[in-house]
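The structure appears right after this line, and notes come after that.
Just so you know, all these numbers are worked out from the coordinates, no wet-lab data involved. Remember, predicted model here, so these are calculated numbers, not experimental data. With ideal geometry, Cβ positions are generated from the backbone for all residues, glycine too; neighbour counts draw on all protein chains shown.
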Amino acid sequence: MNKVILVVFFMFFGVLALAQTRPVNKSVNKDGDNYSVKTGQPNDSTRRRSAKSTSNKNIKNSEAKITDYLIISHLSDTTYVDTTLTIQKEYKYNYLRKDNFNLIPFSNLGQSYNTLSEDFESMALMPKFGARAKHFNYMEIEDINYFHVPTPLTELMYKSAFEQGQLLDALFTTNTSKQLNVSIAYKGLRSLGKYQNILTSTGNFRFTTSYETKNQRYVANAHFVAQDLFNEENGGIKDDNLQFFESGDEDFLDRGVFEVNFDDAENILKGKRFYINHKYVFLNKADSISRNTLNITHVMALEDKSYMFKQVRQNDFFGDSFKSLTLRDRVTLEELHNQLQLNYSNNIVGDLQFNASHYNYNYGYDKIVFLINSIIPNRLKGDVLAVGGQYKKQIKGFILKGALGVNVSGISRGISSKQKLIMI
């Protein structure tokens with residue numbers, strides 16, 4: 001799987017690099033040619049577009065505006081870099097880089113969270129990978145942004161952690177031309193923690209690229225992500241130490257003196273993903289009465305995940321075990337997802353999408369369990385076909401959104417729907 005990801009990634013990047021070898025049109029007027037960023041869905045008519053050329057020969061740093069530095073989500077929601085100092089920025093100055101109002105963190109940075117509210121946004125036709133408590137900092141497709149900038153842009157975020165800990169998130173992005181943007185980023189954390197055996201060490205590497213042809217008919221966004229999230233586990237403070245924890249005695253203000261349930265366990269979640277979202281626009285017509293847009297979009301995601309838990313000896317905290325020494329459980333998932341979309345947008349009808357999807361999955365453990373008169377297999381493999389659609393329409397001060405999906409073949413049969421009414 002790793003070799004497949006690397007081969008597909010470098011083949012795609014090579015195609016984009018060759019696409020830039022065409023001669024550059026030097027007949028640029030004084031103010032530069034207007035250009036736009038078009039990615040994902042075709043219904044984003046309010047995005048801002050830079051009016052300055054981003055070719056290396058025409059860059060003028062003094063004339064670049066902050067509104068020309070665009071950040072684009074996987075759904076083509078476009079905004080620009082915000083350099084203001086506000087309370088909202090303080091809320092996002094944390095490990096997750098987003099407002100964690102409904103989350104209660106554990107004792108060390110980089111551990112899990114307790115969730116206080118239900119997420120009604122997620123809609124998935126396929127079962128998710130296990131160990132969900134480890135996925136708060138696992139960057140999914142919707143967590144990756146793309147960029148379009150007139151000059152190179154760098155973002156750095158540093159924060160100290162608990163007991164000899166540091167958190168750094170660094171990003172660099174540049175446009176080699178008006179058509180091609182690349183970015184590279186890495187977020188790393190290492191925090192010892194205040195208690196015994198609670199070290200965390202995580203890393204999130206991201207590489208993105210965006211490309212569009214000069215006539216803006218073909219648009220592509222792609223990214224490669226490699227992540228590893230490591231934690232030592234101690235099972236919490238022992239029961240007979242709780243009274244000292246609650247006493248407030250200054251001899252116990254150093255949390256490292258408390259005894260923990262175990263000091264020989266650790267787990268790690270790893271993942272690599274290659275993703276591409278590209279479309280071809282057949283119709284993009286606008287007049288004073290109506291706007292009509294028609295495009296076909298292909299989305300592909302190839303992901304390889306693994307989660308492993310290790311412990312030196314069996315502990316009663318988890319109950320009975322098949323083994324008493326050298327415990328090691330590892331589960332993996334290899335998933336390939338392809339989706340073909342037909343998108344139509346009209347200011348009267350709204351935004352319509354019809355899609356068909358194919359999932360190929362390979363999920364399981366590296367061991368088979370033998371019980372009395374039965375065997376528990378270690379792996380699930382198969383293919384799932386699904387069809388669905390989405391709708392969005394703004395009616396005065398309201399936005400009506402809905403989605404429907406059905407698995408029509410495969411072992412994972414099901415139906416999923418979502419409706420939302422937003423007041424603006």
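Can you list the chymotrypsin sites (Phe, Trp or Tyr not before Pro) in segment 84-159 that are in a DSSP coil and have 12 or fewer other beta carbons within 10 angstrom?
Tyr93, Phe101, Phe120
Would you order Ser201, Ser122 from fewest to most other beta-carbon atoms within 10 Å of each residue's own beta-carbon?
Result, fewest neighbours first: Ser122, Ser201.
Arrange Val257, Val384 by Cβ neighbour counts within 10 Å, fewest through most, would you?
Val257, Val384
Sorted from largest down, what three extents in whole angstroms do the Cα atoms of segment 272-414 have along their principal axes?
75, 31, 28
Regarding segment 129-198, what are the three Cα extents along the principal axes, ordered largest first, in Å?
Answer, in whole Å and largest first: 52, 31, 10 Å.
Testing the spin-label approximation: label points 7 Å from Cα along Cα→Cβ at Val257 and Thr154. State their distance in nm.
Between Val257 and Thr154, the simple spin-label model gives 4.5 nm.
Most exposed first by the Cβ proxy, i.e. fewest other Cβ within 10 Å, how do Ile71, Ile375 rank?
Ascending Cβ contact count within 10 Å gives the list Ile375, Ile71.
Based on the alpha-carbon gyration tensor of segment 243-322 and its eigenvalue square roots a ≥ b ≥ c, which shape applies: rounded if a/c is under 1.5, prolate if not and a/b is larger than b/c, or oblate?
Verdict is prolate for segment 243-322.
Taking a point 7 angstrom from the Cα of Leu283 along the C-beta vector, which residues in segment 338-362 have backbone N less than 19 Å away?
341-355
With just the Cα atoms defining each centre, how far is segment 244-271 from segment 67-108? Give it in Å.
31 Å
Once you've got the Cα coordinates, tell me which of Lys187/Lys305; Lys159/Lys272; Lys323/Lys367; Lys128/Lys392; Lys187/Lys272 are over 21 Å apart.
Lys159/Lys272; Lys128/Lys392
In terms of the Cα gyration tensor, with a ≥ b ≥ c the square roots of its eigenvalues, is segment 102-218 rounded because a/c is under 1.5, prolate because a/b exceeds b/c, or oblate?
oblate
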